[in-house]
1. Within region 22-30, identify whether any single residue is surrounded by 20 or more Cβ atoms within 10 Å (Cβ to Cβ), modelled with pLDDT under 50 and not in a loop (DSSP other than H, G, I, E, B), and answer yes or no.
2. Select from region 46-65 the residues that are within 21 Å of Arg109 (Cβ to Cβ) and in a loop (DSSP other than H, G, I, E, B) and write down the one among them that is nearest to the chain's Cα centre (by Cα).
3. Any residue at all in region 159-166 that's surrounded by 22 or more Cβ atoms within 10 Å (Cβ to Cβ) and either modelled with pLDDT under 95 or hydroxyl-bearing (Ser, Thr, Tyr) (or both)?
4. So, of the residues in region 245-256 that are crowded, with 20+ Cβ neighbours inside 10 Å and among the aliphatic types (A, V, I, L, M), which turns out to be nearest to the chain's Cα centre (by Cα)?
5. Kindly evaluate Thr152 against the criterion of being exposed (fewer than 15 other Cβ atoms within 10 Å of the Cβ), closer than 17 Å to Lys231 by Cα and β-branched (Val, Ile, Thr).
6. Please find, within region 235-244, the residue that is farthest from Val144 (Cα to Cα) out of those that are buried (at least 19 other Cβ atoms within 10 Å of the Cβ) and of a type outside the set (Val, Ile, Thr).
7. Mind listing just one residue for me: the one in region 79-138 that is more than 16 Å from the chain's Cα centre (by Cα) and among the basic types (Lys, Arg) and, of those, nearest to Lys244 (Cα to Cα)?
8. Scan Ala177, Ala181, Ala208 and give me the residue that is farther than 15 Å from Asp67 by Cβ and surrounded by fewer than 14 Cβ atoms within 10 Å (Cβ to Cβ).
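The values are calculated or read from the model by the stated rules, or taken from the named source; none is laboratory data. All of these numbers come straight from a predicted model, not from anything done at the bench. Here Cβ is always computed from backbone atoms with ideal geometry, including for glycine, and neighbour counts include all displayed protein chains.
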Amino acid sequence: MSATHARKKPFLRLATAAVAMVAALGMAACSGGAASSSSSSSGAQVGDRSPEQIKEAGEIVIGIFSDKAPFGYIDADGKPAGYDVVYGDRIAADLGVTAKYVPVDAAARTEVLASNKVDITLANFTVTPERAEKVDFANPYFKVSLGVVSPTSAEITDVSQLAGKTLIVTKGTTAEAYFEANHPEVKLQKYDQYSDAYQALEDGRGDAFSTDNTEVIAWAIQHPGFSVGIKSLGETSYIAAAVKKGNTALLDWLNNELVELGKETSSTRTTSRLSPPSTVTPRPPTTSSSKAAWTPPPPTDTGTRPWLAPGSTRRG
């Protein structure tokens, strides 16, 4: 599936619009495999291409989730939507190409890069030292922690309540790794697709479901009868775009892109503060369902990268 790149707009407004979609649209389940590897008209394989070769090809291939709002999902019109799509559209727009979106499973996010199926993996990709051995992460753009959603009638408000109970997780996610490493007393029921995991929760096949807090909060808003009793669990982790190991040209471009987007959002905030009250567009209130923004350091900053610290708690 593909989408024409969005025209350039202030990134802050694009991100806000993506989050707002979650409140307006239901999450349509969609599953699918990644496309086979391909070569562009320039002769370079997808995944190995530099920004210039992507521009020559006229298209960038991006791996996203198709069933994980608010990051990536299929909207009511059958089109890719969510924050990662907004980000992907902006990447494509600034390269002057169109974006082709490839749905990926959580466990396949590194594989689709290594096997030249995509140029970039977004897909709510949490940075971990283990994953950084297989792919190259750009500087992160979000901070998250884990959350736990359960039926309101039997709400889980503390992890101790999960002892001996069944917790639903998605395979290949950091929720799975976190509970395996820290809570062996919890029985894990694993699914390949997020849509299947949520369906299992609705069917009562498990007592609760855990994944990124931003996601479960957004899902619970759309599903009366379910509550996020644990809104933050474990350490804060970082979400970033990833490229194939060794594709430094595309990695450097992404890091520079984040710097420019950071300047743009900063300028938008400054303009809003300095504008007369009659022209200021009200900013949405900060809630627990809002994703935390992160201002990236310049790509020349080679100092500490806390999101790659050994032993960091893993996420989605």
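1. Yes - at least one qualifying residue is present in region 22-30.
2. We begin by selecting, within region 46-65, every residue within 21 Å of Arg109 (Cβ to Cβ); these are 46-49, 54, 59-65.
Filter once more, keeping what is in a loop (DSSP other than H, G, I, E, B): 46-49, 65.
Numbers: Val46: 21, Gly47: 19, Asp48: 22, Arg49: 23, Phe65: 8 Å.
Checking each candidate, the answer is Phe65.
3. Within region 159-166, none of the residues are surrounded by 22 or more Cβ atoms within 10 Å (Cβ to Cβ) and either modelled with pLDDT under 95 or hydroxyl-bearing (Ser, Thr, Tyr) (or both).
4. So the residue we want is Leu254.
5. Values: exposed (fewer than 15 other Cβ atoms within 10 Å of the Cβ): yes; closer than 17 Å to Lys231 by Cα: yes; β-branched (Val, Ile, Thr): yes.
So Thr152 fits the description; yes.
6. So the first thing to find is which residues in region 235-244 are buried (at least 19 other Cβ atoms within 10 Å of the Cβ), and the list is 237-244.
Going one step further and asking which of them are of a type outside the set (Val, Ile, Thr), we end up with 237-238, 240-242, 244.
Details: Ser237: 5, Tyr238: 6, Ala240: 11, Ala241: 15, Ala242: 17, Lys244: 24 Å.
The residue in question is Lys244.
7. Lys134
8. Ala181
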